[in-house]
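The values are calculated or read from the model by the stated rules, or taken from the named source; none is laboratory data. Keep in mind it's a predicted model, so treat the numbers as computed, not measured. Here the Cβ positions follow ideal geometry from the backbone for every residue, glycine too, while neighbour counts run over all protein chains shown.
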């Protein structure tokens, strides 16, 4: 059985590849956090996964993976380290990143909150407050590399 730390690492890498194959720019850059917000907006408008969308199944696993991705981007950009307890039955939800200034963030919980509350709890804006240089919100992509709500490319 893998440790929670191995799960965080492999899940972040997996979701980055999965989202990239669906037309999202998930390269672990600071700006890619805007893509996490776009993904959640497109795949779960109003906090409800679309019927045939990329969040319509394995929601818990995918939210954990998105949280692992968000935490890893923040950690790479501003420093810090993951903290988790393999003995905690809710380790996936309670995994945290302790930042160099001593503050602690819970990326998986933040992704869950973003899903539930929408843009008001945006991931990129949250990260920018933590010092992550996400840049301005990008213009919505157009063209054949854009995914619709079902995950199909245009």
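A compact table of results
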read-out	value
Filter result for residue 27 (at pLDDT 95 or above and under 13 Å from the mean Cα position of the chain (by Cα))	yes
Members of the range 19-28 found to be at negative phi, out of contact with any helix residue (DSSP H, G or I) (no Cβ under 6 Å at 6 or more places or on another chain) and not in a helix (DSSP H, G or I), listed by number	22, 27
The one condition in (1) touching a residue at least 40 places away in the same chain (Cβ under 8 Å); (2) over 18 Å from residue 61 (Cα atoms); (3) surrounded by 15 or more Cβ atoms within 10 Å (Cβ to Cβ) that residue 76 fails to fulfil	(3)
Single condition residue 129 does not satisfy, out of (1) loosely packed, with under 13 Cβ neighbours inside 10 Å; (2) modelled with pLDDT under 95	(2)
One residue from 54, 115, 33 being at pLDDT below 95, surrounded by 14 or more Cβ atoms within 10 Å (Cβ to Cβ) and in contact with a helix residue (DSSP H, G or I) (Cβ under 6 Å, 6 or more places away or on another chain)	54
Any hit, the range 56-64, residues being assigned to a loop (DSSP other than H, G, I, E, B) and under 21 Å from residue 136 (Cα atoms)	no
Check on residue 92, in contact with a helix residue (DSSP H, G or I) (Cβ under 8 Å, 6 or more places away or on another chain), at pLDDT 95 or above, part of a helix (DSSP H, G or I) and surrounded by fewer than 21 Cβ atoms within 10 Å (Cβ to Cβ)	yes
Cβ-Cβ under 6 Å pairs, at least 6 apart or on other chains, the range 106-122 side farther than 14 Å from residue 70 by Cα, far side modelled with pLDDT under 95 and assigned to a helix (DSSP H, G or I)	116/47
Residue list for the range 1-18, restricted to those being farther than 17 Å from residue 60 by Cβ and part of a helix (DSSP H, G or I)	5, 6, 9, 13, 16, 17
Selection status of residue 149, at pLDDT below 95, in contact with a helix residue (DSSP H, G or I) (Cβ under 7 Å, 6 or more places away or on another chain) and within 23 Å of residue 59 (Cβ to Cβ)	yes
Every residue from the range 29-48 that is within 17 Å of residue 18 (Cα to Cα), touching a residue at least 40 places away in the same chain (Cβ under 8 Å) and assigned to a helix (DSSP H, G or I)	32, 33, 34, 36, 37, 38, 40, 41, 42, 43
Hits in the range 100-124 - residues which are more than 13 Å from the chain's Cα centre (by Cα) and either assigned to a helix (DSSP H, G or I) or under 15 Å from residue 62 (Cα atoms) (or both)	116, 117, 118, 119, 120
